[in-house]
Amino acid sequence: MLIPDINEAVDAIRAQTDRHPEIAITLGSGLGPLADAFDGVTIPYGQIPHFPLSTAPGHDGQLLIGRLFGRDCVVMRGRVHMYEGYSPQEVTFPIRVMQALGAHTAMLTNAAGGMGAGQQVGDLVAIEDHLSLATAAGFDPLRGPDDPALGERFVSLNKAYDPGLITLAQSIAPQIRRGVYAHCVGPSFEPPALIRLLQAAGCTLVGMSTVPEVIVARQVGMRVFGLSAVTNICVNTVTDSHITNAAEVFDAAKIIGPKLARFMEAFLPALPKGARDA
Ligand code: HPA
């Protein structure tokens, strides 16, 4: 059932452009302005059959296909989340479409809460592993009838985040550290007790996206790079006077946008030309 839907979406996109993107980029909350440096066609999600519509603030809902910093890219300016009511399968449909368009590498960005020692608002952190209680509890995008045409049934998530790309990112921007991303469906922010649990499990970032996309990107054999922009510092005790809120997330994302753009300007041209071997 999914394959015909993917093909229909690809056909609708190909009717508007004959470019073959090699890199798929998803821009997280408030990070959309990065795509201002982009030269190509813009297709609203509503014009692509079966594409989920973006309803979250800070997410524009446009697919851009063209050149960004010298590479052929397909960019999701705005993503969809499970907290909007979408299933993990719906959330990850665009990844399957972007891979079918030719993308061999997925760069997934997000806004995240920082939970690690020494983290500051404005930091960019390369994701090296993740923890998702949601996928572990059954909200896995690969759940459902097996369709070998979609890829492997049992996908390994060891080294899901391409180690070579993390090293490359750190060679370009040595201030970028590595982190473990905890996925919580939201949309409520995590209570202090949950932050303590996630910290005890070794997580240093928390957000409401990315993990379902990573799982599907690995199923279809893409290289994956995940980058979190720390937009707020998480509160892990009820005595802390700070109240986590969406405004601080969007304000910080706006400030981080230009920093992310500078990083991408150096990172995109340096990305490998093909898919990874395993
Ligand atoms: N929690 C969950 N998602 C987020 C946060 C957070 O603190 N900050 C940005 N996205």
Give me a comma-separated list of calculated 3J(HN,Hα) values for the stretch 168-176, in order, Karplus coefficients 6.51, -1.76, 1.60 applied at θ = phi - 60°, integers in Hz, x for any Gly or Pro. 4, 4, 6, 6, 7, 9, x, 6, 6
Of the listed peptides 99-108, 149-158, 230-239, 131-140, what is their order by residue-averaged count of other C-beta atoms within 10 Å, with the highest listed first? 99-108, 230-239, 131-140, 149-158
Quick check for me: using +1 on Lys/Arg Cβ and -1 on Asp/Glu Cβ, what's the dipole size of the stretch 109-201 about its Cα centre, in debye to the nearest 20? 260
For the stretch 22-181, averaging the sequence separation of alpha carbon pairs under 8 Å that lie six or more residues apart and dividing by its residue count, the contact order in percent is 24
So what is the relative contact order of the chain, in percent, for Cα pairs below 8 Å that sit 6 or more residues apart? 24
Could you please state, rounded to a whole Å, how far the C-alpha centre of the stretch 222-275 is from the C-alpha centre of the stretch 147-207? 12
Given axes a ≥ b ≥ c from the Cα gyration tensor, I'd like to know whether the stretch 49-172 is rounded (a/c under 1.5), prolate (a/b larger than b/c) or oblate. rounded
Is there a quick way to get the dipole size of the stretch 2-270? I mean about its Cα centre, with the Cβ of Lys and Arg at +1 and of Asp and Glu at -1; what is the value in debye to the nearest 20? 480
Quick one: 3J(HN,Hα) in Hz for the stretch 148-155, Karplus 6.51/-1.76/1.60 with θ = phi - 60°, rounded, Gly and Pro as x. x, 5, 7, x, 5, 6, 10, 9
Counting only residues 5 or more places away or on other chains, whose amide H sits under 5 Å from the amide H of MET222 once H atoms are built in the peptide plane? none
Pick from GLY207, GLY61, GLY70: which is most flexible by mean-square fluctuation in a GNM of the chain where alpha carbon atoms under 10 Å apart are linked? GLY70
How much solvent-accessible surface does MET98 expose, in Å² to the nearest 10, with a 1.4 Å probe and all protein chains in place? 0
Got a sec? Charge dipole of the stretch 2-270, +1 on Cβ for Lys and Arg, -1 for Asp and Glu; which of LEU63, MET82, GLY114 is way out at the positive end? GLY114
Can you tell me, using C-alpha contacts under 8 Å and at least 6 residues apart, the relative contact order of the stretch 148-278 as a whole percent? 30
Collect residues whose amide H, placed 1.01 Å from N in the peptide plane, falls under 5 Å from the amide H of ILE25; neighbours closer than 5 in sequence don't count. VAL74, VAL75, MET76, MET107
Nonlocal amide H pairs with VAL80, under 5 Å, H built at 1.01 Å: none
From the phi angles alone, apply the Karplus equation (6.51, -1.76, 1.60; θ = phi - 60°) to the stretch 95-102 and give each ³J(HN,Hα) in whole Hz, x where the residue is Gly or Pro. 4, 5, 5, 5, 5, 5, 6, x
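The values are calculated or read from the model by the stated rules, or taken from the named source; none is laboratory data. It should be emphasised that the depicted structure is a prediction, and the values quoted were computed from it without experimental measurement. When we count neighbours, we look across all protein chains shown, and the Cβ atoms used for this are built from the backbone with ideal geometry, even at glycine. Note: areas computed on protein heavy atoms with side chains; ligands, DNA, RNA excluded. Shrake-Rupley method; radii C 1.70, N 1.55, O 1.52, S 1.80 Å.
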